[in-house]
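The values are calculated or read from the model by the stated rules, or taken from the named source; none is laboratory data. Keep in mind it's a predicted model, so treat the numbers as computed, not measured. When we count neighbours, we look across all protein chains shown, and the Cβ atoms used for this are built from the backbone with ideal geometry, even at glycine. Keep in mind that these areas ignore ligands, DNA and RNA; they rest on the heavy atoms of the full protein, side chains included. Shrake-Rupley method; radii C 1.70, N 1.55, O 1.52, S 1.80 Å.
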Amino acid sequence: MEIPQHVAIIMDGNGRWAKDKGLPRIKGHKAGVARVEEIVEVAANSGVKHLSLYAFSTENWRRPESEVSVIMCLLRLYLRLYTNSLHRKGIRFHFLGDIEGMPEGIRADALALEIATAGENGMVFHLAVNYGSRMELVNAIKKCISDGLEVADINETTVEERLLTKGVPPVDLLIRTSGEQRISNFLLWQCAYAEFYFADCHWPDFNKAEFQKAMESFASRERRFGGI
Ligand code: FPP
C-alpha cells in the first residue's frame with residue numbers, strides 16, 4: 001500500500017463532541033489531546049515520515065479567553081508530559097507556528113521538547129500552534145527582501161526555504177475531521193497537490209481505524225501532479 005510521506009490533520013469537532021455528550025467544551029479538548037497521543041503513535045507505526053497537526057491557529061485567539069487559557073494549559077501539559085513517550089518512539093518534535101507570539105512558559109517548553117528530541121530519527125511531529133498560512137507566506141516574502149534577494153532570485157525554491165516547513169516534503173494527505181470541508185489557512189503552499197480526506201467523526205473519535213480508512217483512501221487515489 002502506498003504510504004503518504006507527509007500527513008496533515010485539521011483536528012476539528014472537539015466542541016461538538018462535548019456538546020453531543022452534554023459536557024463542557026473543555027472536556028472535548030481534553031479528549032482531543034488524548035487522541036493526539038494515539039494518532040502520533042499510529043502514524044509513526046504506519047511509516048509516515050511527517051505528521052502535522054493543527055492545534056491552534058492565529059485566528060483561534062478570538063475565542064473566549066477562558067477557552068484559550070484551557071487550550072494553553074493542555075498544550076503546556078502536553079509539552080511537559082510527552083517528552084519520554086516521544087523519545088521511546090523515536091519521534092522528533094517541531095513547533096510549527098509563530099513561537100514569538102506565544103506566552104513565555106510555552107515558548108520555553110516547546111523549545112525544550114524540540115531540543116530533547118532533536119536526535120531522534122523517526123517520524124517528525126509538527127504541532128501547529130499560533131499558525132496561519134497567510135502569515136507564514138507574508139513572512140517568507142519579507143524575508144526574501146530582508147535577505148537582499150533581487151526580483152529575479154525570487155522563485156519557488158527561495159520562497160520555500162523561508163517557510164516554517166523548510167526542508168519538509170509537501171503534504172501528501174490532508175485530513176479534516178468533523179464533516180467540515182475547508183482548509184482554514186492551514187499549509188496552503190504545502191498542500192498544493194495534497195489529496196483531501198474528510199472524516200465525518202469528531203476529532204476525539206478519530207481512532208486508529210479511522211486513520212487507516214484515510215490511509216486506504218489515499219492509496220486508492222491516482223495522483224497526476226498536473227500531468228496526464
Ligand atoms: C477543534 O475543535 C480544536 C481546536 C481548535 C483546538 C484544540 C486542539 C486540541 C485539543 C488538540 C491540542 C493538542 C495539544 C497537544 C494541546 P473545535 O473547538 O473547533 O470544535 P467545534 O468546531 O466542534 O466547536
statement: Rounded to whole Å, √(5λ) for the Cα gyration tensor eigenvalues of region 121-165, largest first, gives 24, 13, 7
- prompt: Which of rounded, prolate, oblate describes region 66-137, given a ≥ b ≥ c as roots of the alpha-carbon gyration tensor eigenvalues and a/c under 1.5 marking rounded, otherwise prolate only if a/b is larger than b/c?
  reply: oblate
Residue pairs, from the table Lys19/Lys49; Lys27/Lys49; Lys27/Lys166; Lys19/Lys89; Lys21/Lys49; Lys30/Lys213, whose Cα atoms sit over 27 Å apart: Lys19/Lys49; Lys27/Lys49; Lys27/Lys166; Lys19/Lys89; Lys21/Lys49
message: Take Gln5 and Thr157, extend 7 Å from each Cα along the Cα→Cβ direction, and tell me the distance between the two endpoints in nm.
response: 1.6 nm
query: Along the charge dipole of region 23-158, Cβ charges K/R +1 and D/E -1, which of Gly119, Thr58, His87 sits furthest on the positive end?
result: His87
Additional length obtainable on full extension of the chain from Ser66 to Leu111, 0.36 nm per residue less Cα span: 13.7 nm
task: Enter the accessible area of Asp98 (Å², nearest 10), with the probe set to 1.4 Å and all protein chains included.
output: 60 Å²
query: Which whole-Hz ³J(HN,Hα) couplings does region 43-59 yield from phi under the Karplus relation 6.51 cos²θ - 1.76 cosθ + 1.60, θ = phi - 60°, glycine and proline marked x?
result: 4, 4, 5, 7, x, 5, 8, 9, 10, 10, 10, 8, 9, 7, 8, 5, 8
Long-range HN-HN contacts of Phe93 with modeled amide H, under 5 Å: Thr117, Phe125
message: With a 1.4 Å probe and all protein chains kept in place, how much accessible area does Thr177 have, in Å² rounded to the nearest 10?
response: 0 Å²
statement: Total charge of the residues flanking Ile183 in space, meaning their Cβ is under 12 Å from its Cβ, with Lys and Arg +1 and Asp and Glu -1, is +1
Given 14 as the ceiling on other Cβ atoms within 10 Å, longest exposed-site-free region of the chain for trypsin sites (Lys or Arg not before Pro) in DSSP loops: 22-165
- line: Under 5 Å from the placed amide H of Met11, counting only residues 5+ away or on other chains, we find Tyr54
- request: Give me the accessible area of Val70, 1.4 Å probe, in Å² rounded to the nearest 10.
  value: 40 Å²
Farthest positive-ward along the chain dipole, Cα basis, beta-carbon charges - from Val36, Val171, Ser220: Val36
message: Is the C-alpha gyration tensor of region 91-228 telling us rounded, prolate or oblate? Criteria: a/c under 1.5 is rounded; beyond that, a/b larger than b/c is prolate, otherwise oblate.
response: oblate
message: Counting heavy atoms of the protein chains only and a 1.4 Å probe, report the per residue accessible area for the chain as a whole number of Å².
response: 51 Å²
Neighbourhood charge, 14 Å Cβ-Cβ cut-off, centred on Ser146 and excluding it, Lys, Arg +1 and Asp, Glu -1: -1
